[in-house]
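Below: one structure, written as structure tokens.
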Amino acid sequence: MAVVAGGAGLIGTALCEGLADHGATVVVADAAVERGEALADELGERAEFCRVDITDEDSVVGLVETVLDRHGRIDAFVNCSYPRNENYGRRYEDVTAADFRENVELHLDSYFVAARAVSRAMMDQPDGGSIVNFGSTYGVQAPDFSVYEGTEMTSPVEYSAIKGGILNLTRYMASYLGEHGVRVNAVSPGGVFDDQHPEFVDRYEDRTPLGRMATPEDFEGAVVYLASDASRYVTGHNLVVDGGWTIC
Ligand SMILES: NC(=O)c1ccc[n+]([C@@H]2O[C@H](COP(=O)([O-])OP(=O)(O)OC[C@H]3O[C@@H](n4cnc5c(N)ncnc54)[C@H](O)[C@@H]3O)[C@@H](O)[C@H]2O)c1
């Protein structure tokens, strides 16, 4: 039984499919009802959709209660949601303090609230559970702004603060929850190809040892590993899946 928050997104869709292919019953948890229901339909008996607003604690607690009512337990919780406000994506010079705060609250705070709500349920389970938070290479190292040159693209300043925060939140929770058998790990993806500006794609690929951007399916193995007993002695880890970007 695995719950995937943000399960109807670009990466989340592949993760739900990968977890279902590896035998999990999957709850696709997302604010996007149409996409979430379509994915659950496609996965058939292996999945169901649950609407959640990850930024609303009552909604998250409701999700946990619904899953426990229906399935009696949560073995794995994967958070790959990506909440952001309407001004998200602006250049460094144009980010207001209010936008910075709001995006940190929407994204970092919600990862904390969701992981805590789920861990409360997992602490009551005799064999604990596994939480996987999505970080980013940009939570590990600074952006290389040269890859954005000549395009309208950038990496938002909030993103680095948020993802760095999520990685250390993951370590904190792993340390705190270890005695309860609850493991907390992170996956940090590199950039996923999503029809970005061709110049950006070329530069990104040139800078990446494996010579290409990621596909959403590239993260399935990491998540299946961390969500399952195959990683039973692994906690507080950040599994970087980036084609080698961060070693250069
Ligand atoms: N795509 C990349 O290149 C990339 C790279 C590194 C890290 N990441 C991280 O991976 C994760 C997934 O990214 P993605 O590219 O799949 O994003 P995405 O935008 O395609 O998907 C995110 C999902 O989160 C859902 N969501 C947004 N706000 C929500 C809310 N308030 N409540 C519930 N669901 C909500 C959306 O509906 C969407 O289905 C994010 O944490 C992102 O930061 C992505």
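All of the numbers you see were taken from the coordinates with simple rules; none came from a lab. Values in this document were obtained by computation on a predicted structure and should not be read as measured data. Every residue, glycine among them, receives a Cβ derived from its backbone with ideal geometry; neighbour counts consider all protein chains shown.
Selection of first residues in segment 8-36 that are free of Cβ contacts under 8 Å to residues at least 60 places away in the same chain and within 9 Å of the ligand (Cβ to nearest atom) and of second residues that are charged (D, E, K, R) and part of a loop (DSSP other than H, G, I, E, B), restricted to Cβ pairs under 8 Å at least 6 apart or on distinct chains, gives the following pairs, ordered by first then second residue: Ala31/Asp53. The set of residues in segment 36-79 being of a type in the set (Asp, Glu) and closer than 13 Å to Val118 by Cβ consists of Glu57, Glu65, Asp75. Contact map, segment 58-85: first residue free of Cβ contacts under 8 Å to residues at least 12 places away in the same chain, second residue in a loop (DSSP other than H, G, I, E, B), Cβ cut-off under 7 Å, separation 6 or more or different chains; pairs are Ser59/Val52; Ser59/Asp53. When segment 158-189 is filtered for residues that are in a helix (DSSP H, G or I) and over 27 Å from Ala97 (Cβ atoms), the ones remaining, listed by number, are Arg171, Met173, Ala174, Ser175, Tyr176, Leu177, Gly178, Glu179, His180. Applying the criterion of being near the ligand (Cβ under 10 Å from one of its atoms) and in contact (Cβ under 8 Å) with a residue 60 or more places away in the chain to the residues of segment 188-214, the residue that is surrounded by the fewest Cβ atoms within 10 Å (Cβ to Cβ) is Asp194. Applying a threshold of 7 Å to beta carbon distances and a minimum spacing of six or more residues, or different chains, the list of pairs starting in segment 159-171 at a residue that is charged (D, E, K, R) and ending at one that is within 12 Å of the ligand (Cβ to nearest atom) and part of a helix (DSSP H, G or I) reads Lys163/Tyr138; Lys163/Gly139. When we screen Glu34, Glu86, Glu42 for residues that are assigned to a loop (DSSP other than H, G, I, E, B) and over 19 Å from the mean Cα position of the chain (by Cα), the only hit is Glu86.
Only one entry of Asp75, Asp53, Asp58, Asp41 meets the criterion of being surrounded by 19 or more Cβ atoms within 10 Å (Cβ to Cβ) and charged (D, E, K, R), and that entry is Asp75.
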